[in-house]
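What follows is a set of notes on a single structure, which appears directly below.
The values are calculated or read from the model by the stated rules, or taken from the named source; none is laboratory data. Bear in mind that the values here come from a model prediction, so they are computed numbers and not experimental data. Backbone-built Cβ (ideal geometry, glycine too); neighbour counts: all protein chains shown. Heads up: the accessible areas ignore ligands, DNA and RNA and are worked out on the full protein's heavy atoms, side chains in. Shrake-Rupley method; radii C 1.70, N 1.55, O 1.52, S 1.80 Å.
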Amino acid sequence: MVNAPTGEARLGQTEQVQALDRDCTTLSRHVLQQLHSFSADAQDLSALMSRIGLAAKLIARRLSRAGLMEDALGFTGAVNVQGEIGRYSLLYDPIDGSSNLDINLNVGSIFSIRKQEGDDEDGSAADLLQHGHKQIAAGYVLYGPSTMLVYSIGQGVHSFTLDPSLGEFILSTENIKIPDNGPIYSVNEGSFWQWEESYRDYIRYVHRNQGYTARYGGALVGDFHRILFQGGVFLYPGTVKNPDGKLRLLYESAPLAFLMEQAGGRASTGIQDILDVVPTKIHERTPLIIGSKENVALVESFIKERSRNPITLSE
Ligand code: F6P
C-alpha cells in the first residue's frame, strides 16, 4: 500500500525554500535584521550565532538517538566553556543538566558572547573576568519535545523552534516579556536544611500563602525556560557549607541574567544584581535568584530582613 504524501512531502526543495521565505524568519535572518549593519563586527557576530545554531542542531540530532546508539551520550562529560573566534569570546556550556540524560529528560546548552578587549589577538581570560553587562549576546538551547533556541543581542529576547524537516531554527516568539509576578517557585527543596535561614523563611512564606506552585526539573535551562514564559522565580541558594551555591557565574547565571533583564525580569545573588558581579576566576560560582521582578524582590526582602534581625524570627 502506498500512503498519500503529506503536504510537506509533496513540496520539492525549491518550493520548501520559497515557503520558508514567505512565511518564516530563520535564526540567521533574524540576527542580521537585529544587527542593522554589515560591518565586520556585525558579520562576525552573525557568523558566530550561525555556528551556535549549527552546534545546537548537531547536539539535538545526537540526543534524539540517545538510547539507540551506543555512546550517543558519550560527549556529556566534555566541558567546552571558552573559545575565541576573531573579535569575540564565546562561553558555551554544551550540556547543562546532564544528569537528566540518564532518564531521557530535557537538558540544555547555555552561551554567552563577549567582545575581546586589548591587543592580544587570541584574547585573554581577563576579558572574561568582568561584570555581566559586558556580554553582548547570550542565549540557550532547550532540548525538549522540540529543540528551541532563545537568544538576545540586547534588543529583546526571541525564541526559535528547530524544524527538523527544514533543518532550520524558525522564529516562534519575538520580544518575550516575563510577567512582573508569577505563581511558580522552582528550587531544590531537598537542600532546605543546608540553606541560610532567610531562604527557609521565604519557603515557609510560600507554603503558608495561596497561589504558589512548585516546579523543579533539575536542569537549569528547562527550569529557567518555564519561568521566562510563565513567570515566577527560580532559586539556587548557597548553603552554609558552600555559600556561593553550585551554579557558575560566567556560563550559567550571567547569560541567563542577561536574558532575564532583557525580558523585563531580574536576577540577583540575594544582595547584588547578577550582572554587577565581577568574577575573580573563570569557574566562579554564585547563588542565583532569577525571574519575575516582584518574586525576586520578595526573596531579597527575606534576605534583607534576616541580615537586619538574624535571630528574632522564630522557626
Ligand atoms: O549546574 C548543573 C545543574 O545540573 C543545573 O542545570 C541544575 O539547575 C542544577 O545543576 C541542579 O542541581 P541539583 O541537582 O543540586 O538540584
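A few comments on the model shown:
- Solvent-accessible area, 1.4 Å probe, carbon plus sulfur percent, for segment 184-308: 46
- Shape of segment 119-232, Cα gyration tensor, a/c cut at 1.5: oblate
- Think of a 1.4 Å ball rolled over the protein heavy atoms: segment 184-308 then has 42 Å² of accessible area per residue.
- 5 angstrom amide H check on Arg285, placed H, neighbours 5+ away: Leu249
- Cα shape, segment 173-315, gyration tensor, a/c 1.5 rule: oblate
- Listed values for segment 221-229 are Karplus-derived 3J(HN,Hα) couplings in whole Hz (6.51 cos²θ - 1.76 cosθ + 1.60, θ = phi - 60°), namely 4, x, 5, 5, 4, 4, 5, 4, 7, and x replaces Gly and Pro.
- Unsatisfied cross-links (Cα-Cα over 24 Å) in the set Lys115/Lys293; Lys57/Lys134; Lys134/Lys281: Lys115/Lys293; Lys57/Lys134
- Ser159, Ser28, reordered so the largest accessible area comes first (probe 1.4 Å): Ser28, Ser159
- Packing here is the average count of other Cβ atoms within 10 Å per residue, and on that basis the peptides 132-139, 253-260, highest first, run 253-260, 132-139.
- Counting only protein chain heavy atoms and rolling a 1.4 Å probe, the accessible areas of Ile271, Ile227 rank, largest first, as Ile271, Ile227.
- Förster radius 30 Å - calculated FRET efficiency between Asp102 and Gln33, Cβ distance, rounded to 0.05: 0.15
- Phi-derived couplings, Karplus 6.51 cos²θ - 1.76 cosθ + 1.60 at θ = phi - 60°, listed residue by residue for segment 41-52: 4, 5, 5, 4, 5, 5, 5, 5, 5, 5, 5, 5 Hz, with x used for Gly and Pro.
- Annotation: Asp223 carries an accessible surface of approximately 10 Å², with a 1.4 Å probe and no ligand, DNA or RNA atoms counted.
- Cut-off under 5 Å, modelled amide H: who pairs with Gly265 long-range: Ile178
- Under 5 Å, built H, 5+ apart or other chain: amide partners of Gly97: Leu220
- Exposure rank, largest accessible area first [Arg62, Arg266; 1.4 Å]: Arg62, Arg266
- In this view, the solvent-accessible surface of His283, computed with a 1.4 Å probe and all protein chains in place, comes to about 80 Å².
- Residue ranges 161-174, 103-116, 206-219, 289-302 sort as 289-302, 103-116, 161-174, 206-219 when ordered by packing (mean number of other C-beta atoms within 10 Å per residue, highest first).
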